[in-house]
Each structure stands twice: as C-alpha cells, then as structure tokens.
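> Structure incoming, see below.
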Amino acid sequence: MESCCINQFLEGKTIFITGATGYLAKILIEKILRVQPNVKKLYLLIRAPDSNSAKERFNNEVIKTDLFRVLREKLGANLHSLIQDKVFPVPGDIACDNLGINSDMQDEMCREIDIIVNSAATTRFDERYDTAIRINAFGTLNVLKFSRQCSKLKMLLHVSTAYVCGEKEGLILEKPLHYGETLNGGSQLDIEVEQKLVEETLKDLKARNAAEKEVTLAMRVLGIERAKIHGWPNTYSFTKAMGEMLLGHLKEDLHLIILRPTIISSTYKEPFPGWNEGLRTMDTFIVGYGKGKQNVAMGDRESILDVKNPWINERGTPVKVKKFHLLDGMASLHKYIAIHYMPLLKILKWANLILCQRLQTLHSNLERRINRVIRLAELYKPYTLFKGIFNDTNAEMLRMATTESNADDTFNFDPRTIQWEKYFKEIHIPGLVKYVF
C-alpha cells in the first residue's frame, strides 16, 4: 500500500462490515461512500430477523442520520441509486454460527469479499457477562471462522480497545495478547472455563426461578468479579481481551489487523465537525455537569476542565452549573459525599418518617443520585485515573505511509494537528448539546 493511494486500494473492493448500525461503522460507511464511490460492494451485517428488517434498520439508523447530510447534499437523488447499487444490508448476528447468514447469501459473500471490518461489540463497561462473552469473545471467533471461508480475503480488521492493557502505568507497548495470559500474573485464563461458568450460573439462577432483574444483576456482578480476578478492571476490557486472544491464537495465515482506539468522541472535521451519537465515556460527566445534575467526579488534577458556554434548557433559560470538584480517588469521593450529601439524606430520612412518608420521593431521589455518582466513579475509575502512556509507533508508521501516498488530506489522523482546547470547546461539547443533550 505504500506506493498507491488508499482510494485506489479501495476501488473495486468488496467490504464486509459487522456492527453496521454502530457509531464507528456508520462513520466508516459514510467515509467510503463519500471518498470512494467506486467501491464494488458494501455488505453490512445488521442484527435483524430478515432482509426487509435489515434494510429498514439501515435506512432508519444509518442513512437517515445527520451524519450522511454532506453525502445527501453532494449526491442528491443519486444517493439512492448509489445505495441500491453498492450497499447490501445482511440480516444476521455475530453471536450465531456462520454469523446467522443464510447459506445462499453466505456462499455469494465468501466468493466476493476482499476486506472484513469487525466493529461489532457490546461496549457497556458492566455488561452482563453472558452477553459480553458471547459477543466480544465468541462473536469475534465466529467472524474469524467466517473469514477463513472467504477465498479472496486480503485482510480482517478487528476493532478492539486500547484498554485491553488494563490499568498498567508508564509506557504501554503495542503488543499482541497471548492466549491465556492474565494481567496480574495469576493463573492462566481459560476462556472455555469462563463460558462454562456462565452457563452453570445461569442454570442455577433458572433452577431458583430468579426474576430477570436478579439474573441481569448477577451476570453483571459475575463479569466484574471475573475480570478483576484476572487483572482487568471491567467486563468490557476483559472480554475484548478474550476476543484478541482468540484471534491471535487461531488466525493461522490470515492477514489480521487489530485496531485499538482509546476514547472515541465527536467527528473532528469530516464529514463535518461535531457529529456524535449516544453517551461515550467522558460524555457522561460532561452532560451531567452541563445539565446541572452533577458537580463532582474523579480525575487527574493536572487535567484542564473549562466549560464556559451553558446549556440552554427546554424553557430557553441557561442552566446554572455549580463549581466543579475534581477528586483524586474513591476515598476523596466518599469523604466529599459524607460532608456534602449524607447529612441532608439523614435529615430527609427522619423527616420522612415523622411526616408519614410524604418526603419519600425527595429522599429516594437524593439517595439515587448519591448511588449513581459512586457507581459511575467505580465504573470509570480505570480511565479517569489512568496513568499509562500508549506507545504509538505503529500509528506513526501508518501516518507516514499515508503521507507518502499523498493521502494525507483524505485520511489525516495526526493528533498533532488538533488544537485540543478548541476541539472540546468549539466542536465536541456543542456537538453533544446538539445530538445528545
């Protein structure tokens, strides 16, 4: 690829993208159609029971989003014909054998596919363990098995996360995870044993006639427990690490590329600045603060936080935010809550008893807010207090290759060109207000 433009590489190629209704996949689909409309085909795996349902989800959740505004303006009525000719939503599910694709469609795809991009995942940090291991680990294995059947395949690109490293400190080298390794130097990780543990736990819960809510809670707790036993902070990074291990262990001679993004935020320039969808990591705190509902979080005191433009609520008035308190650990957080919130909670509790439960709603809401802050702090602690520095040698080599192939304008991803304070204040936060608030 050093000697040719990336656009030329994509021309005439058939690309299969999983997780096609997800945030990253949508951006990739839009980018390909905008910069290289002469791609041969885009097969998009969409979780749906049938072809019509897959097309409906694609239209409603992908094409009709504001992300495709530039493409709609550029092509007008021709966008419809481009989609008809090039884009093929495929009903299926990576958690199923053969990705849940019917045999006729599978045969056709396996004869034509040049590139597979696996961006399907569940990204909730405390996801149910059964769901996370089924999608992030064994779903990834199903994609690998499918890839082996594609006779023309040039590469499988798997989207993972930089945080498969756990909570390491200092310089973190970009190296593959070996099958069965753990981050705490403890016993070997056996992924099959983890799956059996999930099945046995679910069987026990069923035997006790546990309610669905109880099952969900038990699966979430189990995921966090198993992750921490082996050195990972949460279910998400743990099961994404499993997926990487399975790929590396079983890929054989397949050309595999693993992409490890860190924190994903709004679009920087293309197709336009500030597009976003859903709450992502740090956005939970930004939105909570901007709406005046949260004024405390944990983080590195060396970080800069400067949110100057208030959110205008539905009544047209600016939301008054309180002074923001950045705490350096769980002990500081519990101390802050004990001083600022617990006395009021106790007063409400006794007043509620005296007034025959008339203050129950006020008491419950405050208690819920306190528990939410503690839960979010525990969940995001590995990232808000992260002390690692990622080695970006591979990314730098790729950036140099894009420069040499004159693709810098189209595929620029050099972070040194970004003015970060300007990005957050003028692009990312206004984008959150428009698309998320």
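The values are calculated or read from the model by the stated rules, or taken from the named source; none is laboratory data. Fair warning: this is a prediction, and the values are worked out from it, not measured in the lab. Ideal geometry is used to build each Cβ from the backbone, glycine not excepted, and the neighbour counts take in all protein chains shown. Just the protein is used for accessible areas: all its heavy atoms, side chains included, with ligands, DNA and RNA removed. Shrake-Rupley method; radii C 1.70, N 1.55, O 1.52, S 1.80 Å.
> Quick check on my filter: what residues within the range 121-161 are closer than 25 Å to ASN391 by Cα, of a type outside the set (S, T, N, Q) and at pLDDT below 95?
Selection gives PHE125 alone.
> Scan the range 338-347 residue by residue and report those that are modelled with pLDDT of 90 or more and either surrounded by 11 or more Cβ atoms within 10 Å (Cβ to Cβ) or touching a strand residue (DSSP E or B) at 6+ places or on another chain (Cβ under 9 Å) (or both).
Within the range 338-347, MET342, LEU344, LEU345, LYS346, ILE347 meet the criteria.
> Failed condition for ALA227, given (1) open to solvent by less than 50 Å² (accessible area, probe 1.4 Å); (2) out of contact with any strand residue (DSSP E or B) (no Cβ under 7 Å at 6 or more places or on another chain); (3) touching a residue at least 60 places away in the same chain (Cβ under 8 Å); (4) of a type in the set (A, V, I, L, M), with all others met?
If we test ALA227 against (1) open to solvent by less than 50 Å² (accessible area, probe 1.4 Å); (2) out of contact with any strand residue (DSSP E or B) (no Cβ under 7 Å at 6 or more places or on another chain); (3) touching a residue at least 60 places away in the same chain (Cβ under 8 Å); (4) of a type in the set (A, V, I, L, M), just (3) comes out false.
> For the range 282-337, name all the residues that are of a type in the set (Val, Ile, Thr), loosely packed, with under 12 Cβ neighbours inside 10 Å and at pLDDT 75 or above. First the steps, then the outcome.
Taking the range 282-337 and keeping what is of a type in the set (Val, Ile, Thr), we get 284, 286-287, 296, 304, 307, 312, 317, 319, 321, 337.
In the following step, the residues that additionally are loosely packed, with under 12 Cβ neighbours inside 10 Å were identified as 304, 317.
Residue satisfying the conditions is THR317 alone.
> Out of all the residues in the range 181-214, which are in contact with an Asp or Glu (Cβ under 9 Å, 6 or more places away or on another chain), open to solvent by less than 40 Å² (accessible area, probe 1.4 Å) and of a type in the set (A, V, I, L, M, F, W, C)?
LEU189, VAL198, LEU205, ALA210
> Follow-up. So how many residues does the range 29-59 have that are under 13 Å from MET105 (Cβ atoms), acidic (Asp, Glu) and surrounded by 19 or more Cβ atoms within 10 Å (Cβ to Cβ)?
Residues meeting the conditions: 0.
> Let me ask something else. How about the range 362-394: which of its residues are touching a Gly at 6+ places or on another chain (Cβ under 7 Å) and buried (at least 18 other Cβ atoms within 10 Å of the Cβ)?
Matches in the range 362-394: THR384 only.
> If you check ALA227 against the conditions, is it over 21 Å from ASN391 (Cβ atoms) and not polar (S, T, N, Q)?
Details: over 21 Å from ASN391 (Cβ atoms): yes; not polar (S, T, N, Q): yes.
Yes, satisfied.
> Among the numbered criteria (1) exposed (fewer than 15 other Cβ atoms within 10 Å of the Cβ); (2) closer than 30 Å to LEU333 by Cβ, which single criterion is violated by MET397?
That leaves (2) as the condition not met.
> State all residues of the range 66-103 that are exposed (fewer than 13 other Cβ atoms within 10 Å of the Cβ) and not in a helix (DSSP H, G or I); if no residue qualifies, say none.
Once the filter is applied, which keeps residues that are exposed (fewer than 13 other Cβ atoms within 10 Å of the Cβ) and not in a helix (DSSP H, G or I), the range 66-103 yields GLY76, ALA77.
> Can you tell me which of (1) under 30 Å from LEU33 (Cβ atoms); (2) of a type outside the set (Val, Ile, Thr); (3) part of a loop (DSSP other than H, G, I, E, B) is the one LEU432 doesn't meet?
Going through the list (1) under 30 Å from LEU33 (Cβ atoms); (2) of a type outside the set (Val, Ile, Thr); (3) part of a loop (DSSP other than H, G, I, E, B), LEU432 breaks only (3).
> Go through the range 151-173 and give me each residue that's open to solvent by 10 Å² or more (accessible area, probe 1.4 Å), of a type outside the set (Asp, Glu) and not in a helix (DSSP H, G or I).
SER151, LYS152, LEU153, LYS154, MET155, LEU157, VAL159, LYS168, GLY170, LEU171, ILE172, LEU173
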